[in-house]
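Asker: Pasting a structure here, questions to come.
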Amino acid sequence: MAIFLDTGKVEEVEQFHKLGIIRGVTTNPTILYRSGVKKVLKDCSRDIARVIAPYPLSVEVTTNDRQKMFDQAKEFSSWAENIVVKITVHGPEGELDNLEVVHELETRHNIRVNVTAMMSAQQCFLAAMAGATYVSMFGGRVNNMGYNVVEEIKKLSKLLEDFKLKSKIILGSTREVLNVVEWLHAGAHIVTVLPNLLKGMIIHPYTKETVKMFLDDAAKAEEELLKDERIKSETLRI
Ligand code: E4P
């Protein structure tokens, strides 16, 4: 079980990687666009891949054209050994080329693929059958549609076990701190988390209050000790 960081900002990756709590990074074109990353994809991906190596970085293709997906997958995976290529399970109109590309890349080109934007156990199961190294289900989006993603995770985990498929289940689209442990317990191998949410998992208001109490009391104890020593030395002088 592991936590990945869902960001395209190298500074955020460095910050959490140093803490020893992440085992990989995921990005997508929307995350990169919204986080205002101004670097070209190649530079940004190489920087992140270097920071987290040997842990994996998922970089998503930016096209749905069959040949261009191949070309981009080959190019992206040549940038660093730990780059995994992210491809959506089908195209914007339900095009099926994507799984063919995934199958080819995994079985003939030794390129690891993270099949993404999936909303159900059955989609993930088929992506796993096609040979995907990672299958990404978007938990928050599934819940927002009115289905409980926990049930989908359990179903998928059982299917992968029954069919002896090696794909790792990634749960993305986290919305609440509670999602992380709940989804891992349901059978996700990995949950990919936004930096703020990860921070929210660590920082607790009552912990802050407790730490303040420890520090205040330590300072008070030191002050009293100094005061006692002063009195003692003054008494000796008299
Ligand atoms: C995961 O790999 C995705 O990049 C991400 O978690 C999608 O989340 P969203 O539903 O917030 O767009």
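Asker: Given the structure, is Ser35 farther than 19 Å from Val177 by Cβ, under 15 Å from the mean Cα position of the chain (by Cα) and in the same structural domain as Phe76 (by TED's automatic domain parsing)?
Answerer: Answer is no for this residue.
Asker: Working carefully through the options Leu184, Leu165, find the one that is away from the ligand (no atom under 12 Å from the Cβ), surrounded by fewer than 22 Cβ atoms within 10 Å (Cβ to Cβ) and assigned to a loop (DSSP other than H, G, I, E, B).
Answerer: It is Leu165.
Asker: Moving on. Yes or no: Val191 surrounded by 10 or more Cβ atoms within 10 Å (Cβ to Cβ) and in the same structural domain as Asn114 (by TED's automatic domain parsing)?
Answerer: Answer is yes for this residue.
Asker: Hey, another quick one. Considering every residue within region 49-59, establish whether at least one is within 14 Å of the ligand (Cβ to nearest atom), among the polar types (S, T, N, Q), surrounded by 20 or more Cβ atoms within 10 Å (Cβ to Cβ) and closer than 16 Å to Tyr134 by Cβ.
Answerer: Looking through region 49-59, at least one residue is within 14 Å of the ligand (Cβ to nearest atom), among the polar types (S, T, N, Q), surrounded by 20 or more Cβ atoms within 10 Å (Cβ to Cβ) and closer than 16 Å to Tyr134 by Cβ.
Asker: Taking region 67-96 on its own, how many of its residues are part of a loop (DSSP other than H, G, I, E, B) and not small (Gly, Ala, Ser)?
Answerer: Number satisfying all stated conditions: 8.
Asker: Let me ask you something else. Could you give every pair whose Cβ atoms fall below 8 Å, whose first residue belongs to region 97-125 and is closer than 15 Å to Ser173 by Cβ and in a strand (DSSP E or B), and whose second residue is charged (D, E, K, R) and within 14 Å of the ligand (Cβ to nearest atom), counting only separations of at least 6 or pairs across chains?
Answerer: So the pair list comes out as Asn114/Lys86; Val115/Lys86; Thr116/Glu60; Thr116/Lys86.
Asker: Name the single residue, out of those in region 1-48 being away from the ligand (no atom under 16 Å from the Cβ) and among the hydrophobic types (A, V, I, L, M, F, W, C), that is least open to solvent (accessible area, probe 1.4 Å).
Answerer: Per the stated criteria, the residue is Val10.
Asker: Here's a follow-up. When residues of region 122-140 are filtered for being within 13 Å of the ligand (Cβ to nearest atom) and either open to solvent by 30 Å² or more (accessible area, probe 1.4 Å) or polar (S, T, N, Q) (or both), how many remain?
Answerer: Selection size over region 122-140: 2.
Asker: Another question about this same structure. Would you check if Met201 is under 28 Å from Ala127 (Cα atoms), open to solvent by 40 Å² or more (accessible area, probe 1.4 Å), aliphatic (A, V, I, L, M) and modelled with pLDDT of 95 or more?
Answerer: Values: under 28 Å from Ala127 (Cα atoms): no; open to solvent by 40 Å² or more (accessible area, probe 1.4 Å): yes; aliphatic (A, V, I, L, M): yes; modelled with pLDDT of 95 or more: yes.
Against the criterion (under 28 Å from Ala127 (Cα atoms), open to solvent by 40 Å² or more (accessible area, probe 1.4 Å), aliphatic (A, V, I, L, M) and modelled with pLDDT of 95 or more), Met201 does not qualify.
Asker: Looking at (1) in contact with a strand residue (DSSP E or B) (Cβ under 7 Å, 6 or more places away or on another chain); (2) part of a helix (DSSP H, G or I); (3) of a type in the set (A, V, I, L, M), which is the one condition that is false for Val150?
Answerer: Failed condition: (1).
Asker: Just to verify a result, which residue in region 87-111, among those that are more than 14 Å from Arg66 (Cα to Cα) and buried (at least 19 other Cβ atoms within 10 Å of the Cβ), is farthest from the chain's Cα centre (by Cα)?
Answerer: Residue satisfying both the conditions and the ranking: Glu106.
This table checks each residue for (1) basic (Lys, Arg); (2) modelled with pLDDT of 95 or more; (3) touching a strand residue (DSSP E or B) at 6+ places or on another chain (Cβ under 8 Å).
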site	(1), (2), (3)
Glu12	no, yes, yes
Gly20	no, yes, no
Val37	no, no, no
Cys44	no, no, no
Ala49	no, yes, yes
Asp65	no, yes, no
Met69	no, yes, yes
Ala73	no, yes, yes
Ser78	no, yes, no
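Asker: Among Val85, Val89, which is the only one that is touching a Phe, Trp or Tyr at 6+ places or on another chain (Cβ under 6 Å) and at negative phi?
Answerer: Val85
Asker: Here is a further query. Among all residue pairs at least 6 apart or on different chains, which show Cβ distances below 7 Å where the first residue, located in region 127-154, is touching a residue at least 60 places away in the same chain (Cβ under 8 Å) and the second is within 9 Å of the ligand (Cβ to nearest atom)?
Answerer: Going by the 7 Å Cβ cut-off, the qualifying pairs are Tyr134/Asn114; Tyr134/Ile170; Ser136/Asn114; Ser136/Thr116; Ser136/Ile170; Ser136/Gly172.
The values are calculated or read from the model by the stated rules, or taken from the named source; none is laboratory data. What you see is a predicted model, and the numbers here were worked out from it, not measured in a lab. In this analysis, Cβ positions are derived from the backbone assuming ideal geometry, glycine residues included, and neighbour counts consider all displayed protein chains. Side chains included, ligands, DNA and RNA excluded: accessible areas come from the protein's heavy atoms. Shrake-Rupley method; radii C 1.70, N 1.55, O 1.52, S 1.80 Å.
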